[in-house]
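The values are calculated or read from the model by the stated rules, or taken from the named source; none is laboratory data. Note that the structure is a prediction, hence the values are computed from the model and not measured. Here the Cβ is made from the backbone with ideal geometry for all residues, glycine too, and neighbour counts use every protein chain on show. When the accessible area is computed, the model is the full protein with side chains, heavy atoms only, and any ligands, DNA or RNA have been set aside. Shrake-Rupley method; radii C 1.70, N 1.55, O 1.52, S 1.80 Å.
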Amino acid sequence: MSTSTNTSTVSATSAAPRKSGGRPTFSVPVILLIVAGALALVSLVRLISGADDITSVGQVAGALELAIPIGLAGLGGLWAERAGVVNIGLEGMMILGTWFGAWAGYQWGPWTGVLVGILGGCLGGLLHAVITVTFGVNHIVSGVAINILAVGVTRYLSNYAFDGVEGGSTKQSPRIGSITEITVPGLADWMATLQGKHWFLISDLAGIVGGLVTNLSLLTVVALLLIPATWWILWRTAFGLRLRSCGENPVAAESLGVNVYKYKYIAVAVSGGLAGLAGAFLAIVSTGIYQEGQTGGRGYIGLAAMIFGNWMPGGMALGAGLFGFTDSLKLRGGAENVHAMLLLLAILLVIAVAWQLYKKKYVPAAISAAVSVLLFVWYGLTDQVPSQFVDAAPYVTTLLVLALSAQRLRMPKADGMPYRRGQGK
């Protein structure tokens, strides 16, 4: 069979709808209905709890800013794993992005810093590719080594580049110039006014729209556009089909003339570049300065968001948004906002109980019902949650979501598996 015939067959198979055993697909109207229902539920919780800040313009804008680095890291993980390379080294590549972005940014401007930050992450990605693809080292071992190496390298470089410079030290860079922010005139003010009315659903929708059109960094816009761009490249081009075939069945891909090593190298380099961009975003947009340890494990959380999204760009974006939202709740309003989330979780579990009973899954339904009752009691008997729980809320939320969605995940079949050129012969 010819290469073109095989490629057409694979394309047709990829485009076919999921069968009953796979993850279900939803039409656009159904997705919009689910989103509207979720927004109505959040609005109801806001009215009952009095936590008006959970859908405010500031909350949404803060959630977006916190979600972008996680989403970029998750997008980087998606590129690598779709080609069959597990990239635990995202955290280290982000660290390289923060340092190189800050080093170039304070000297030659923020956009130069962004480009150099991407290159810094690419260096980490290429190193990971050499170790795993060429030498066949375990992907987890390589990723952990890169994470450790990045910490030591950036500390060493800071001693020479930042120490003694005005505003710098061995653990931080001088202040970096800011990237232009945009606000849609008229619309932003109107949304802020509507959100301040605290009306059911309308004010919540206004808060979300307002957060997306107020003081939006141009780099944020670029990062958001990378999500549909990744989907189009990987799922709508011949290049993407070949790259994904390397993560599903590299032996078959090689038999069709695909240079598997080349595509794995490209994917991991792009993965590192996206992680480096995430780090540059943290240093240039989020804080305006490089600080040692500022990634705070976001590379690992980005990997978790990618898994939650079932190795798909849209699902990964939802996972990153969820973490950004809960993290922003912690920063804005703290205990009051997280306390309101107890009520939201309790109601969601009631819905889960109804669904599990419909599916005749009685044991999970009983567990969900018991947890829901505990959350209702906790919410009713307290006015706020302990500060330790507030700090842990984003991480607890991430773990819960991953636990609930774990049974419906499907990773690329050859993800993390060793591959040597010509092994199928």
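Here are the numbers:
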item: Of all residues making up the stretch 314-325, the number that are in contact with a Ser or Thr (Cβ under 7 Å, 6 or more places away or on another chain) and either surrounded by fewer than 24 Cβ atoms within 10 Å (Cβ to Cβ) or under 13 Å from Asn87 (Cα atoms) (or both); result: 1
item: Filter pass, Ala340 being of a type in the set (Gly, Ala, Ser), part of a helix (DSSP H, G or I), closer than 30 Å to Leu381 by Cα and open to solvent by 20 Å² or more (accessible area, probe 1.4 Å); result: no
item: Residue, least open to solvent (accessible area, probe 1.4 Å), within the stretch 156-166, restricted to residues that are assigned to a loop (DSSP other than H, G, I, E, B) and out of contact with any Phe, Trp or Tyr (no Cβ under 8 Å at 6 or more places or on another chain); result: Val165
item: The stretch 229-249: number of residues that are farther than 17 Å from Asn87 by Cβ and either in contact with a Cys (Cβ under 7 Å, 6 or more places away or on another chain) or small (Gly, Ala, Ser) (or both); result: 4
item: Flag if Ala238 is under 19 Å from Ile68 (Cα atoms) and modelled with pLDDT of 95 or more; result: no
item: Hits in the stretch 184-211 - residues which are in contact with a Leu (Cβ under 7 Å, 6 or more places away or on another chain) and farther than 14 Å from Arg46 by Cβ; result: Gly211
item: Any hit, the stretch 166-173, residues being of a type in the set (Asp, Glu) and within 30 Å of Ala38 (Cβ to Cβ); result: no
item: Single residue of the stretch 167-189 satisfying the filter (modelled with pLDDT of 90 or more, more than 29 Å from Ala51 (Cβ to Cβ) and of a type outside the set (A, V, I, L, M, F, W, C)) that is most open to solvent (accessible area, probe 1.4 Å); result: Arg175
item: Answer residue from the stretch 206-232, given it is touching a Ser or Thr at 6+ places or on another chain (Cβ under 9 Å) and polar (S, T, N, Q) and is modelled with the highest pLDDT among those; result: Ser217
item: Helices (runs of 4 or more DSSP H) contained entirely in the stretch 201-305, each with at least 3 residues that are crowded, with 24+ Cβ neighbours inside 10 Å; result: 202-213, 238-248, 260-281
item: All positions within the stretch 67-113 that are crowded, with 24+ Cβ neighbours inside 10 Å and β-branched (Val, Ile, Thr); result: Ile68, Ile70, Val85, Ile95, Thr98
item: Boolean, Ala192 is outside any loop (DSSP other than H, G, I, E, B), surrounded by fewer than 20 Cβ atoms within 10 Å (Cβ to Cβ), on the phi < 0 side of the Ramachandran plot and not hydroxyl-bearing (Ser, Thr, Tyr); result: yes
item: Where a residue in the stretch 129-155 is within 22 Å of Arg82 (Cβ to Cβ) and open to solvent by less than 40 Å² (accessible area, probe 1.4 Å) and its partner, wherever it lies, is among the acidic types (Asp, Glu) and at pLDDT 95 or above, with Cβ under 8 Å and at least six apart; result: Asn147/Glu91
item: From Val133, Val144, Val151, Val184, residue being closer than 25 Å to Glu65 by Cβ, in a helix (DSSP H, G or I) and of a type in the set (Val, Ile, Thr); result: Val151
item: So Trp311, is it over 18 Å from Trp99 (Cβ atoms) and assigned to a helix (DSSP H, G or I); result: no
item: Pairs, first on the phi > 0 side of the Ramachandran plot and of a type in the set (A, V, I, L, M) in the stretch 40-63, second at pLDDT 90 or above and in a helix (DSSP H, G or I), C-beta under 6 Å, six or more apart; result: none
item: Residue tally, condition more than 23 Å from Gly324 (Cβ to Cβ) and either surrounded by 15 or more Cβ atoms within 10 Å (Cβ to Cβ) or polar (S, T, N, Q) (or both), over the stretch 379-398; result: 2
item: Flag for Leu348 being among the aliphatic types (A, V, I, L, M) and surrounded by 20 or more Cβ atoms within 10 Å (Cβ to Cβ); result: no
item: Some residue of the stretch 86-94 being touching an Asp or Glu at 6+ places or on another chain (Cβ under 8 Å), in contact (Cβ under 8 Å) with a residue 24 or more places away in the chain and in a helix (DSSP H, G or I); result: no
